[in-house]
Amino acid sequence: MAHKSCIIIVAMVFLDCYVTALTATFNMTEYYKLPKLYKYDDFDRCLLEFDTTAVYCLVDTTIKPNATAIIWPLIEKFSNDTKRSFRHDRLQRGICMNWCKKLMERFDHQTQMKYFLADFNETSEITFDANTFRQALDWRIKYKKLANQCVNFELKRQYSIMGHSKVEYCVTHRDYDPIDYLDVIFLVVLGSLFLVVLLSSFYDYRRRRKFSFDLKSSEYYRAPVRRGLSQMMVAFSLPRNWQLLVAKRRTTPSKDFRFLQGARFLVMYLVIAGHCMVFNCIFPLVNPEYVEFNYRRLVTMLIFNGVTVIQTYFTISGFLLAVQFVDYCEKNKSFTVKDFFASILYRYLRLAPLCAFMVLCDATWLFKLQDGPIWKRVAETERTFCRNNWWANLLFVNNYFTVDEPCLQQGWYLATDFQLFILGLMLLAFVRRFPKLLKATMALAVCLAFISPALVTYFNHFEGVVMIKPEALKYVLWYDDSYRKMYIPTHTNYGSYLAGLIAGLAYHKLKHGDFDIRKHKLFLLMWYLALPVAIVLLLSAYIFYAYDFEKPAVWIAIYAAISKNLWGVIFAVLYFGLAFGVGWFFKRLLNNPIFRPLGKVTYAVYLCHLFVIRATLGNIREPIYVSDVRILVSTSSTLVLSYILGLIMCLGIEIPLSNLQKHLFKKKSETYREDNMELTKNGTKYGTESHQSA
């Protein structure tokens, strides 16, 4: 297996070199003649030099077409390739308006007006709504003329072109974000949690000294507590919750699915790496050619098309739901309407508290952590959107509503997964009620899973893959149609979840029979081919970046449907095989005990990692030089910091509230199982190992 992987990697490198050689049209000599996409005045010097009168503005400029200008054909050439290049007719400038004013005061009024160009494009390019930033509308009106004159002074003198500039927002030395009632509420919540954890831990320690001091601490804290007041009072105990986090599950399902914790961690690493790459590319860049050149390489399709990696979590969710559902039905002989709604309620209560905590954090104290010329872009957008659109996150509908003004943008996954959970539960309940319709129902569901993305692709004239275009990165994909209509909706992601459901049903049926997977050579062949096929699937996105095809096209719609669902099928095959012991070294690696706590914390890490990225990277003062090493370093630091913060959130909020929830939902007649992949009579229980982790 290792030998085959080496051959594949070597072949990919040679093929990448060949394809790169074919992209000689990316002429660097021509490229360096273009106006710089980003130029920033010295932010700190501006604010210090002019003190209380200092004003520093971020300005977006759209260049007016000018066929007589020598540089215009080059600008047009690179701007037209929107799949792989930034719009070079759209520039961003960070301007110290005090210096700008001094510059223009050197000229008379008539000369000043030569550098002013009114808006020539009534359709307007994408830009932030003025209400996103406080006082932004006032700044736009006040500096509309001056910003245009200063930018055009550069463009006209150097390139003989003109543009229309819009002030995005301004920063002053007097900027102050006063503490309001929401800031106070967050502090009260945080302080209350800290106090409760402290008191609960102290009570648990005293209880151990009184009743079981002869036991080792690990044995005592892992022991279940009798129902009643004591169980609630130790729910927030830090040492007890730590033992729950690192505890080894000994039941058969837990042993079979132990590899899922390793899979969760590895996928979480890829998610963080992807988001670090995105944020490094949305910042002002000294070398935007780094991004544009990489779009012309075959190997980087593994990254740009790697957004599909999130489908892996949907497959895990469906897989576990199917196994747990059948286990519950066999134990209780029925699944009623009451069970259905109780399961949804339980699921909601498991997800919502931690999500609400992060929404409140982003809406309040995130903006107060840093400053800088682009900090408002990075943090005040989050503050504004979370204060306005928090309801969409808490109702888990933010994958359909407020998509262009997202609070906690990564939360779209939670909404989609929650909706898929409801649909999956309905499907399982239906086939449980009408077992003879199982094959027909699943066949219909599979057809719908393929038809939905195909229709969305065809009627919206989309490419065969969800493209991460350079220009869309500037706005973190908020306004990108393929992201909004193809990447995040529930109806286009159902296929991967369904693949997990089918794999889970098959696992449960075969696990209780006389089934030896090693006798099925065809399945073993499929299992060993799964990862190579996944790599080929990712690389195949290159054809849509490199070529323009006439759309709508039936073949593109079919490709989109297959590629969207094939990822879920691939990992359903992998998980099914691993659950039955296939995988040798790969399974041993994923089953390593180190992944047990790392996998359980992924839900909290998923929620907080963008907070860490914003807080650590968003205070830059000038365009940055981005490289592979910079992205690797930011990924590694973000991973470590996110897991530290995620661990705190998991031990202080997620596990304690899960303990309380189990206590409140459980009836006295029921026995308590510490296995956090259990089903109770009142509904589905999802603990820190469950598929709520993103």
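The values are calculated or read from the model by the stated rules, or taken from the named source; none is laboratory data. In this text, all values refer to a predicted model and were calculated from it rather than measured experimentally. A quick note on method: Cβ atoms are made from the backbone with ideal geometry, for glycine too, and the neighbour counts reach across all protein chains shown. To get the accessible areas, we keep the full protein, side chains included, count just its heavy atoms, and leave off ligands, DNA and RNA. Shrake-Rupley method; radii C 1.70, N 1.55, O 1.52, S 1.80 Å.
With respect to Val59, is the statement that it is open to solvent by less than 30 Å² (accessible area, probe 1.4 Å) and either in a loop (DSSP other than H, G, I, E, B) or at pLDDT below 90 (or both) true? Taking the combined requirement at face value, the residue does not satisfy it.
Every test in (1) modelled with pLDDT of 95 or more; (2) open to solvent by 10 Å² or more (accessible area, probe 1.4 Å) is passed by Pro593 save one, and that test is (1).
The single residue among Gln135, Gln149 that is under 24 Å from Ile374 (Cβ atoms) and at pLDDT 95 or above turns out to be Gln149. Considering segment 385-401, the residues that are in a loop (DSSP other than H, G, I, E, B), touching a helix residue (DSSP H, G or I) at 6+ places or on another chain (Cβ under 7 Å) and among the hydrophobic types (A, V, I, L, M, F, W, C) include one that is nearest to Leu349 (Cα to Cα), namely Phe396.
Applying a threshold of 9 Å to beta carbon distances and a minimum spacing of six or more residues, or different chains, the list of pairs starting in segment 360-374 at a residue that is over 18 Å from Tyr169 (Cβ atoms) and among the β-branched types (Val, Ile, Thr) and ending at one that is open to solvent by less than 10 Å² (accessible area, probe 1.4 Å) and assigned to a helix (DSSP H, G or I) reads Thr364/Asp183; Thr364/Cys386. If the condition is being buried (at least 23 other Cβ atoms within 10 Å of the Cβ) and over 16 Å from Phe133 (Cα atoms), then segment 356-375 contributes Met358, Val359. Within this structure, Asn121 passes the test of being farther than 16 Å from Lys39 by Cβ, of a type outside the set (A, V, I, L, M, F, W, C) and either surrounded by fewer than 13 Cβ atoms within 10 Å (Cβ to Cβ) or more than 41 Å from the chain's Cα centre (by Cα) (or both). The residues of segment 391-425 that are over 19 Å from Ser343 (Cα atoms), crowded, with 22+ Cβ neighbours inside 10 Å and not aliphatic (A, V, I, L, M), listed by number, are Asn393, Asn398, Asn399, Pro406, Cys407, Gly411, Trp412. The residue pairs whose first member lies in segment 630-657 and is closer than 30 Å to Leu285 by Cα, whose second member is open to solvent by 20 Å² or more (accessible area, probe 1.4 Å), and whose beta carbons are closer than 6 Å, counting only pairs six or more residues apart or on different chains, are Ile631/Met277; Thr635/Ala273.
For segment 521-575, the candidate set comprises residues that are of a type in the set (Ser, Thr, Tyr) and not in a helix (DSSP H, G or I); within that set, the residue that is nearest to Phe319 (Cα to Cα) is Ser540. Annotation: of all residues in segment 426-457 being open to solvent by 80 Å² or more (accessible area, probe 1.4 Å) and within 22 Å of Pro489 (Cβ to Cβ), the one that is farthest from the chain's Cα centre (by Cα) is Leu444.
Number of residues in segment 174-189 that are touching a Cys at 6+ places or on another chain (Cβ under 9 Å) and either open to solvent by 80 Å² or more (accessible area, probe 1.4 Å) or basic (Lys, Arg) (or both) equals 0. Residues in segment 528-572 that are open to solvent by 70 Å² or more (accessible area, probe 1.4 Å) and closer than 14 Å to Thr457 by Cα: Glu550, Val554, Trp555, Ile558, Ile562. Scanning segment 364-384 for residues that are in a helix (DSSP H, G or I) and either among the β-branched types (Val, Ile, Thr) or under 23 Å from Asp417 (Cβ atoms) (or both) returns Thr364, Val378, Thr381, Glu382, Thr384.
Apart from one condition, Val378 fits all of (1) open to solvent by 40 Å² or more (accessible area, probe 1.4 Å); (2) more than 30 Å from Thr336 (Cβ to Cβ); (3) touching a Leu at 6+ places or on another chain (Cβ under 9 Å); the exception is (1). Checking the structure you have, find out if any residue of segment 480-502 is buried (at least 17 other Cβ atoms within 10 Å of the Cβ) and more than 25 Å from the chain's Cα centre (by Cα). Looking through segment 480-502, at least one residue is buried (at least 17 other Cβ atoms within 10 Å of the Cβ) and more than 25 Å from the chain's Cα centre (by Cα). Suppose the filter is within 22 Å of the chain's Cα centre (by Cα) and more than 19 Å from Leu607 (Cα to Cα); does Phe319 pass it? Yes: the conditions hold for Phe319.
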